[in-house]
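Where a number appears in this text, it was derived from the coordinates with a stated rule and is not lab data. Source: prediction; values computed, not measured. Glycine gets a Cβ as well: all are built from the backbone with ideal geometry, and neighbour counts include every protein chain shown.
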Amino acid sequence: MTAHFKINSYTILMKKFFKTVLLTAMSLLMGSTLAHSQDVQWKYRVNDLGNNTFEIVFDAAIEDTWHMYDLGPYDAMGPNPTMITFEGTEGARLEGEAYELTEPIVVYDEVFGMEIGYYEHAATIAQKVVLTAPSASLKGYVEWMVCNDVGWYKFCDSVLEALGQGSNAS
């Protein structure tokens, strides 16, 4: 009976220890990820191209020690490319795919075993949108992956923009 009690005490002690270690590790990981989410700052603007066509331009400011992967695409063994996706495009139609206004640096990467493209310091990506109604509200998401000599991190941010003939869209 006493041995059983000691095993339970030991088991409870070990569970508390592992729980503490796990919570500490998770806190450190989350803190590290949140700190790295500031490695790319996004701004966007909307250019009126005429004929109910708009260009949504996404500008990324990338911290000096990091680089951000381009639009790809890459196979499953490659990095996560930067992606811009929209939902709720009622009153608007996307015109083609997102495209790069900044030329990426393209290199053969030994880790991924393929050619990859990335940006340093800054990147500009755009998406054309055509209005199909007098106004539209789009919700868009930007997903990106940054890398340096220490590690990789993937992030997502959302933007919201209203477009219309009477809007201040530039």
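Structural remarks
- Chain lengthening between residue 130 and residue 87 when straightened (0.36 nm per residue, less Cα-Cα): 14.0 nm
- Loop chymotrypsin sites (Phe, Trp or Tyr not before Pro), the stretch 59-114, which have at most 16 other Cβ atoms in a 10 Å radius of their Cβ (DSSP): 112
- Those residues of the stretch 55-84 whose amide nitrogen sits under 18 Å from the label point placed on residue 102, 7 Å along Cα→Cβ: 56-73, 80-84
- With 0.36 nm allotted per residue and the present C-alpha distance subtracted, the residue 63-residue 111 stretch has 15.1 nm of extension available.
- Computing FRET efficiency as 1/(1 + (r/R0)^6) for residue 120 and residue 143, where r is the C-beta to C-beta distance and R0 is 25 Å, gives about 0.85.
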